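In what follows, a single structure is set out as structure tokens and then discussed.
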Amino acid sequence: MQYLIETRHIPLILKVDRGVTRTYIDASHAIHKNMRGHRGQVATDGKGAAYVDSKKLSVNTTSSSTSKLVAAGEGLITQNIMVLTFQNLSRRQ
């Protein structure tokens, strides 16, 4: 939080890259006390992160590969919403 306070004068720059939306999702296996994994998600439409999310997985998994699969499934809905939003914004320009 201190970083955000001290760098509030630096502008946030977002740039659209021909409507190409990229979403990156990754997960870590069994890092919480209840042995659930954690996922992170970033969506970008060129330069800068337009959407960032980090959440505990909703289920316990048996391996890191399964954690990544669950993370992709949980992030898929958000990814589709972001793609549609970026497409609509690109059309308006």
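Within segment 79-93, count every residue that is open to solvent by less than 40 Å² (accessible area, probe 1.4 Å) and modelled with pLDDT of 80 or more.
Residues flagged as open to solvent by less than 40 Å² (accessible area, probe 1.4 Å) and modelled with pLDDT of 80 or more within segment 79-93 amount to 0.
Name the residues in segment 1-29 that are β-branched (Val, Ile, Thr), touching a strand residue (DSSP E or B) at 6+ places or on another chain (Cβ under 8 Å) and at pLDDT 80 or above, would you?
Within segment 1-29, Thr23, Ile25 meet the criteria.
Are any residues in segment 12-37 assigned to a strand (DSSP E or B) and open to solvent by 50 Å² or more (accessible area, probe 1.4 Å), and if so, which ones?
The answer is Lys15, Val16, Arg22, Tyr24, Ile25, Asp26, Ser28, Arg36.
Could you check segment 51-71 and list, in sequence order, the residues that are open to solvent by 40 Å² or more (accessible area, probe 1.4 Å), within 16 Å of Ile25 (Cα to Cα) and in contact with a helix residue (DSSP H, G or I) (Cβ under 9 Å, 6 or more places away or on another chain)?
Within segment 51-71, Tyr51, Lys55, Ser58 qualify.
Conditions (1) open to solvent by 100 Å² or more (accessible area, probe 1.4 Å); (2) within 19 Å of the chain's Cα centre (by Cα); (3) among the charged types (D, E, K, R), marked per residue:
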position: Glu6; (1), (2), (3): yes, no, yes
position: Ile10; (1), (2), (3): no, no, no
position: Gly40; (1), (2), (3): no, yes, no
position: Ala49; (1), (2), (3): no, yes, no
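From the residues in segment 51-93 that are closer than 13 Å to Arg22 by Cα and not in a helix (DSSP H, G or I), which one is nearest to the chain's Cα centre (by Cα)?
Filtering segment 51-93 for residues that are closer than 13 Å to Arg22 by Cα and not in a helix (DSSP H, G or I), the one nearest to the chain's Cα centre (by Cα) comes out as Val52.
The values are calculated or read from the model by the stated rules, or taken from the named source; none is laboratory data. Keep in mind the model is a prediction, meaning the values are calculated, not measured. A quick note on method: Cβ atoms are made from the backbone with ideal geometry, for glycine too, and the neighbour counts reach across all protein chains shown. Side chains are part of the model used for accessible areas, which takes the heavy atoms of the whole protein and leaves out ligands, DNA and RNA. Shrake-Rupley method; radii C 1.70, N 1.55, O 1.52, S 1.80 Å.
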